[in-house]
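Structure first, commentary second.
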Amino acid sequence: MTPAVCTTEISETTTDSTEDNNSSFNDENQRAKHTGSKLKDPTKTMDGRDRQRKVGGGRPSVLDVYPDLPQHIDQLINWRAPTFGSPMGGPIRIDKAMSERKIAEDLMKYWNENVSSVSLHYLLPQLGYSKMVNQKEKQVGSESPWRNDQFLYIAEISQEFMKTGDPIISIDTKKKEKVGEFKNNGKEWCLKGLPREVLDHDFLIKELGQVAPYGVYVVNDNTGFVNLGIDHDTSEFAAESIWRWWNTLGKNSFPDASRIYINCDGGGSNGAHRRAWKVELQSFADKTGLTVVVSHYPPGTSKWNKIEHRMFSYITKNWEGKPLVSVENIINLIESTTTRTGLSIKCQLDTNKYEIGSVVTDGMLERVKITPRLPREDEEPDCTKQLAIWNYTIQPRTTKEQEIAAKLDESEILAEKNRVKRKYTKKSKGSN
């Protein structure tokens, strides 16, 4: 009888203990329903650590004390919210950068909600907020309806050139950089408390000047070339940069090439409507004997240009946080830029002077052996017309054609300069 009694007592005790545990678990679950927000894990602290106390213990959550806190925060910092800028229904306030401390001050000012900046630091990510930089996504102007057709055409011609082994280059001018001990965006490793000291103003130093890096990126072999100009960014400078790349690297990398494919932006010194650009390309074709095939990227798509994200971005990353103290320093930083995929860059200094507003007559443009892209079957006339502007081929001229063109160009330029001179002389006399 005694063992049976003991077994029964143990069984009853175990049952009572299980019931107590279940009721405790149910009580915790009930408390969890009324403690904290749905966005908050009741088993974790606000900073993500495991709880030291039971759920419901300690100071109540700010979301329990102020149930409307998420909506009020939304009105203060969410610029997409319909109530943004007018927290209390009053006049529109000035949009300003809202730090955690300023948010806490505005919550107290408008709704009398006493929330610390520390609590906001942990609460904002739980409510779906994070600090982000502006994204360049909105296009300036209207998007061209033939944008996709142009990209498909560029891809088609690129594949054709890759199969034949002819060079494909992506060209553009990088942002001009001041030379000197100026602050350069980015960070670098330094001894703690001893950052690199630079000038407190960004005024141009005339003795050092600034540089205009014109880049040539070769799609075929992942190599690059930078012509570091110290003067104006003109069409002549752009064509000179391509010529320097060809004379330095291109003719050795592509000894059997008979043509070259150039991808570039639709504006700037190598724009699709630049008369001087086409005249300078004709000069390049004459010097090299290459057939020059050109495709321009549609408006608003310059970031799709391969040189931007395959070369320029790595140059910027390589020199971030380092002041560009001299031209030699800039050349070394550019040439030391490499990637795991094998990018290598050669850089040269260009000390030439490039005149702004060079004269390009109608006759000079007519003597350029240019052929626009031909129309295709089942293609809309407007599409054909636009793609003919963005895509064209320039053939090299014979020696005799070059000699005739040089004489005519010289006489036409002289006549145009004399005409402009007489025009301004008459204006000055009339004003007097």
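The values are calculated or read from the model by the stated rules, or taken from the named source; none is laboratory data. The shown structure was predicted, so the numbers you read here are calculated from the model rather than taken from an experiment. Reconstructed Cβ throughout: ideal geometry from the backbone, glycine too, with neighbour counts over all protein chains shown. The area values use the complete protein model at the heavy-atom level, side chains included, leaving out ligands, DNA and RNA. Shrake-Rupley method; radii C 1.70, N 1.55, O 1.52, S 1.80 Å.
Give LYS206/LYS287; LYS102/LYS174; LYS192/LYS306; LYS353/LYS421; LYS353/LYS385 a once-over and call out the pairs whose C-alpha atoms are over 30 Å from each other. Too far apart for the 30 Å limit: LYS206/LYS287; LYS102/LYS174; LYS192/LYS306; LYS353/LYS385. Here the stretch 97-148 has 50 percent of its accessible surface on carbon and sulfur atoms, given a 1.4 Å probe and all protein chains in place.
The simple Förster model, with R0 at 45 Å and r as the Cβ-Cβ distance, assigns ALA406 and SER344 a FRET efficiency of 0.75.
Over the stretch 161-246, the pair-distance histogram of Cα-Cα distances with 10 Å bins from zero comes to 15, 32, 27, 18, 7, 1 percent, rounded to whole numbers.
In whole Å and largest first, what semi-axes does the C-alpha gyration tensor of the stretch 325-383 yield when each eigenvalue is scaled by 5 and square-rooted?
Numbers: eigenvalues 318, 129, 18 Å².
The answer is 40, 25, 9 Å, longest axis first.
Charging the Cβ of each Asp and Glu at -1 and of each Lys and Arg at +1, and nothing else, the dipole of the stretch 361-415 about its Cα centre rounds to 260 debye.
Assuming R0 = 22 Å, what is the FRET efficiency of SER117 and GLU137, from their Cβ-Cβ distance, to the nearest 0.05?
Numbers: r = 31 Å, r/R0 = 1.42.
Efficiency, from the Cβ-Cβ distance: 0.10.
Put simply, the C-alpha atoms of the stretch 117-220 give a gyration tensor, and the ellipsoid matching it has half-axes of 39, 29, 16 Å, longest first. Evaluated with a Cβ-only charge set (Lys, Arg +1; Asp, Glu -1), the stretch 226-286 carries a dipole of roughly 180 debye about its Cα centre, given to the nearest 20.
About the Cα centre, and with charges only on the beta carbon of Lys, Arg (+1) and Asp, Glu (-1), how big is the dipole of the stretch 100-158? Nearest 20 debye, please. Numbers along the way, then the final one.
Values: 7 positive and 8 negative charges, 47 e Å.
The dipole magnitude comes to about 220 debye.
Phi angles across the stretch 68-78 convert, under the Karplus curve 6.51 cos²θ - 1.76 cosθ + 1.60 with θ = phi - 60°, into 3J(HN,Hα) values of 8, 4, x, 5, 5, 4, 4, 5, 7, 10, 8 Hz, Gly and Pro given as x. Counting only protein chain heavy atoms and rolling a 1.4 Å probe, the accessible areas of ILE154, ILE389 rank, largest first, as ILE389, ILE154.
Using mean Cβ contacts within 10 Å as the protection proxy, how do 191-202, 123-134, 159-170 order, highest first? Provide the component values of the computation, followed by the final result.
Details: 191-202: 8.8, 123-134: 11.3, 159-170: 16.1.
Averaged packing, sorted descending, gives the order 159-170, 123-134, 191-202.
For the peptides 363-370, 219-226, 233-240, what is the packing order when you average, over each peptide's residues, the other Cβ atoms within 10 Å and list the highest mean first?
Values: 363-370: 16.8, 219-226: 20.1, 233-240: 22.4.
For the peptides 363-370, 219-226, 233-240, the packing ranking is 233-240, 219-226, 363-370.
In this simple spin-label approximation, THR316 and LEU365 carry label points 7 Å from Cα along the Cα→Cβ vector, and these lie 3.4 nm apart.
Any chance you could check the Cα centroid distance between the stretch 326-404 and the stretch 163-206 for me, in angstrom? Each part reduced to its Cα centre gives a spacing of 25 Å. Solvent-accessible area assigned to carbon and sulfur over the stretch 230-279 amounts to 43 percent, based on a 1.4 Å probe. Divide the volume of the convex hull around the Cα atoms of the stretch 273-432 by the residue count and you get 239 Å³ per residue. Along its principal axes, the stretch 102-173 has C-alpha extents of 72, 28, 25 angstrom, given from the largest down.
A 1.4 Å probe over all protein chains sorts ASP362, ASP256 by accessible area into ASP256, ASP362, starting with the largest.
When only alpha carbons of the stretch 340-419 are considered, Rg and Dmax amount to 19.1, 57 Å.
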